[in-house]
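Scroll down for the structure; my scribbles are underneath it.
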Amino acid sequence: MTQNLTSPDFRFEQTGSPDVHYIIKEVSTTSNDLVVSFSNADGSLMVDDIVESKDRQQWNVQCSNCDAGRTWTTSYDSAGYFAAMGCQIISINSGFCVKASDAAEGLMLVDCDGSDSQNFNFFVTV
């Protein structure tokens, strides 16, 4: 069952392979079997059924700064802390980076260029 990304909340889970890779699971699903994948046709990101042999569902994360002790509070009064900042999310399959675009395009895969739209911050809520 493939569907468009609907939730901004994801968790990263190590695959357990000797080379550290991650699968990205959507938090809002109760079945725990949907992960972020991409379309070979246009590079768009989507949520798809988990298939461990699909390398389109495996990701590498490279961060410029890990700062696990700095606290924050959002306007929604959710407390937590920064886990890492300036992180690129890179497809193991293609080597392309995830880019945040406008609302119409959403998230997509593009050539890695280190631009701000390809850098993400990771937070942990408590």
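Quick one: how many residues across the range 35-65 are small (G, A, S) and modelled with pLDDT of 75 or more? Matching residues across the range 35-65 total 2. For the range 66-84, taking the residues that are among the hydrophobic types (A, V, I, L, M, F, W, C) and either open to solvent by 30 Å² or more (accessible area, probe 1.4 Å) or not in a strand (DSSP E or B) (or both), the one that is modelled with the lowest pLDDT is identified as W72.
Cβ-Cβ distances below 7 Å connect the following pairs, each with a first residue in the range 38-66 that is among the basic types (K, R), a second residue that is surrounded by 15 or more Cβ atoms within 10 Å (Cβ to Cβ) and at pLDDT 85 or above, and a separation of six or more residues or different chains: R56/N93.
Being within 22 Å of F123 (Cβ to Cβ), polar (S, T, N, Q), touching a Lys or Arg at 6+ places or on another chain (Cβ under 8 Å) and at pLDDT below 80: is that true of N32 here? Judged against the criteria, N32 is a match.
The values are calculated or read from the model by the stated rules, or taken from the named source; none is laboratory data. Everything numeric here is computed off the predicted structure, so don't read it as measured data. With ideal geometry, Cβ positions are generated from the backbone for all residues, glycine too; neighbour counts draw on all protein chains shown. SASA here: full protein model, heavy atoms, side chains in, ligands and nucleic acids out. Shrake-Rupley method; radii C 1.70, N 1.55, O 1.52, S 1.80 Å.
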